[in-house]
Amino acid sequence: MNNIKKYKINISVSIIIAIVIAVLFNVFVTVLAKKVPLSIDMTANKMFEISEKTREYLKNYDTPVDIYVLAGSSDRDERINAVLQKYAEANSKIKITNINTAENPTFGKKYANDGVRLTSNSVIVDSGKRYKLLSLSELYGINAQTGKYTSLNAENKITSALKYVSSDKQLKAYIVTGHSELEISGAASKLRDENYEVSQINTLTEEIPSDASLIMVVRPLSDFSNDEISKLDSYLLSGGNAQFYFDVDSKELTNLYGYLKSAWGMSVRDNMVVETDTSHSVVIGGNGECK
């Protein structure tokens with residue numbers, strides 16, 4: 001009987017000790033989490049991690065930056081928050097702050113310029129001299145047909161924003177028009193992601209701006225005039241950068257092709273490359289727009 005009583009006492013004592021250990025462990029983890037953010041990415045593709053390339057960039061990033069998330073802690077997007085915390089952990093100059101706009105409705109007033117609306121979970125990257133505003137939809141990949149989020153695009157956007165707010169130079173890209181060129185809204189969007197200010201220029205009637213970091217000529221269907229060739233030549237000889245894209249419809253461009261060959265040794269041949277894998281193909285819309 002005494003052995004049974006002792007056994008019961010030992011079990012009770014063991015249970016009490018286990019409960020005490022569990023409580024102490026929870027307290028320890030809670031305190032530690034407040035001092036050192038603890039998170040483990042369990043997703044198969046590590047979608048909440050940042051790449052080694054970004055980590056290398058952050059090692060030398062020396063611009064103090066505030067990143068404001070326009071959401072209270074209870075309604076913030078946890079996926080975006082998880083990625084942002086990786087930036088703060090990688091560089092002490094990056095500070096993340098959640099702004100509850102219901103409690104602080106005037107906070108984003110200076111950022112809402114030119115009719116821009118601040119929406120829930122918008123992210124503002126601010127260095128004090130420049131800022132970049134990112135909406136939640138920009139931080140995700142979106143299916144154009146369903147309107148649903150399909151992927152997380154936060155790392156590209158945040159890193160690009162950090163580069164923008166820490167730079168004193170504004171890159172400017174000009175897309176040449178006037179020759180029935182292909183519309184390239186997708187490429188223009190990518191250029192903006194790389195912090196280019198994108199504009200169009202009709203070289204038939206306009207000079208190439210001296211501040212152009214890049215000009216793009218995309219599938220012209222009519223030839224450049226002698227005056228345009230002269231403008232192009234002056235721009236390139238002064239150190240300008242240009243990209244030319246041609247396809248099978250870019251024919252009889254005698255002046256342009258002749259200039260590229262004589263001045264720069266670039267020959268354009270009427271050949272065709274066929275891509276049979278549709279996942280590597282560009283879809284051309286009914287209006288000729290490249291998507």
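What FRET efficiency comes out for K110 versus S199 if R0 is 35 angstrom and r is the Cβ-Cβ distance? Round to the nearest 0.05. Could the numbers behind the result be given before it?
Details: r = 25 Å, r/R0 = 0.72.
Here the calculated transfer efficiency is 0.85.
Extension gain for D66-R130 works out to 21.9 nm (0.36 nm per residue, less the C-alpha to C-alpha distance). Taking the range 115-130 and a reference point 7 angstrom along Cα→Cβ of D211, the backbone N atoms nearer than 20 Å belong to 129-130.
Shown are Y257, Y61, whose ranking by accessible area with a 1.4 Å probe and every protein chain present, most to least, is Y257, Y61.
The label-point distance for L171 and W264, in a model that sets each label 7 Å from Cα toward Cβ, rounds to 1.7 nm. For the pair the range 64-125 / the range 151-208, the C-alpha centres are spaced 25 Å from each other.
Less than 5 angstrom separates the built amide H of L152 from those of G141, all sequence-distant by 5 or more or on a different chain.
The values are calculated or read from the model by the stated rules, or taken from the named source; none is laboratory data. What you see is a predicted model; the values in this text were computed from it and never measured. We place every Cβ from the backbone using ideal geometry, glycine too, and count neighbours over all the protein chains shown. Note: areas computed on protein heavy atoms with side chains; ligands, DNA, RNA excluded. Shrake-Rupley method; radii C 1.70, N 1.55, O 1.52, S 1.80 Å.
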